[in-house]
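Below is one structure; the comments refer to it alone.
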Amino acid sequence: MTPQQHWATSPRGGTGQTFMAKDISPQAVVSPNAKIGDGCKIYPFVYIEDNVEIGENCVIFPFVSILNGTKMGHDNEVHQGTVLGAQPQNRDFTGEDTNLIIGNNNTFRENVVINRATCCNRQTIIGNNNLLMEGSHVNHNTRMGDRNVLGYGTKIGGNCEIGDGVIFSSSVIEGAGTRVGSLAMIQAGTTFYKDIPPYIIAGGKPIAYGGPNATTMTAWSIDEKVQKHIANAYRLVFHGQNSMLDAVLQINDQVPDSPEIRNIVKFIQSSEKGIISKIM
């Protein structure tokens, strides 16, 4: 047994059986102050700093850097060349101890970069069951929900908010401070600087509304009748001649109520950057 391998007694009791709680390559550079959960596999040439927490059953492939302030849940998989907890690329950052919070069951493919927050009252957050493909980048203070996909080379600006079940195709650029609602889909090569509401397809140059995202809504078990109500709501938003305020009033008056419709109304009303253009 190498000095980097740690063994523990089986919790099932009675047999005295042992199992390898964690497998850390002697060629990895892991701070003794880092907290590494049981069942983790850490390959050669990984670099892990002091103030790092990694939950159980994570796999960290070679040439990964996990830097101060990163707190990761269980069953995450981090592939070659990825950097988690990188210092913010922001002039407001003054060296404070800040965090990157990562949930469970996420996959970070090759050369992903995620920055920690800029100041102590902010956090960069990645939820659960997300897939970040090769070369994607999430900047400081961004908050991402669950079951999202970031395609190859997608870049997310600082201070963004991303809901659940969002699909970013390849080479999407999300401008700083913008939001993407749950179950939206952004087409490849799109750049945007305004908010994308939930349940829609968006894309093009300039970006515009491309219709309801029926495929993802069906996959998430949204009832077909509710999907029709969502389509009617967005017809009022994107096809009418009214302002967004009037469109919201019309939705409240004309579209049957549901959690999804309330989510659309709340998203539009809380937009600070404004909503993307009307139609492709």
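The values are calculated or read from the model by the stated rules, or taken from the named source; none is laboratory data. Just so we're clear, the structure is a prediction, and the values are computed from it rather than from any experiment. Reconstructed Cβ throughout: ideal geometry from the backbone, glycine too, with neighbour counts over all protein chains shown.
The table for this structure:
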item: So Ile125, is it within 29 Å of Val255 (Cα to Cα) and part of a strand (DSSP E or B); result: no
item: Ile201 vs. criteria touching a strand residue (DSSP E or B) at 6+ places or on another chain (Cβ under 9 Å), crowded, with 19+ Cβ neighbours inside 10 Å and over 30 Å from Pro88 (Cβ atoms); result: yes
item: Output for segment 170-186, where each listed residue is crowded, with 19+ Cβ neighbours inside 10 Å and either of a type outside the set (Asp, Glu) or not in a strand (DSSP E or B) (or both); result: Val172, Thr178, Arg179, Val180, Gly181, Ser182, Leu183, Ala184, Met185, Ile186
item: Residue in segment 72-87 that is surrounded by fewer than 23 Cβ atoms within 10 Å (Cβ to Cβ), under 19 Å from the mean Cα position of the chain (by Cα) and either over 23 Å from Pro44 (Cα atoms) or without any contact (Cβ under 8 Å) to a residue 24 or more places away in the chain (or both) present; result: yes
item: Qualifying residue in segment 264-272 (condition: surrounded by 12 or more Cβ atoms within 10 Å (Cβ to Cβ) and not in a helix (DSSP H, G or I)); result: yes
item: Where a residue in segment 23-39 is on the phi > 0 side of the Ramachandran plot and its partner, wherever it lies, is in a strand (DSSP E or B), with Cβ under 9 Å and at least six apart; result: Gly39/Phe19; Gly39/Met20; Gly39/Ala21; Gly39/Lys22; Gly39/Asp23
item: Which listed residue, of Asn130, Asn148, Asn115, is buried (at least 18 other Cβ atoms within 10 Å of the Cβ) and within 23 Å of Arg91 (Cα to Cα); result: Asn115
item: Condition broken by Ala219, with the remaining ones in (1) closer than 20 Å to Met144 by Cβ; (2) in contact with a strand residue (DSSP E or B) (Cβ under 8 Å, 6 or more places away or on another chain); (3) surrounded by fewer than 20 Cβ atoms within 10 Å (Cβ to Cβ) satisfied; result: (2)
item: Cβ-Cβ under 9 Å pairs, at least 6 apart or on other chains, segment 246-257 side farther than 10 Å from Tyr234 by Cα and modelled with pLDDT under 95, far side loosely packed, with under 14 Cβ neighbours inside 10 Å and of a type in the set (D, E, K, R); result: none
item: Residues within segment 211-245 that are without any contact (Cβ under 8 Å) to a residue 40 or more places away in the chain, hydroxyl-bearing (Ser, Thr, Tyr) and either assigned to a helix (DSSP H, G or I) or more than 19 Å from Ile196 (Cα to Cα) (or both), tallied; result: 4
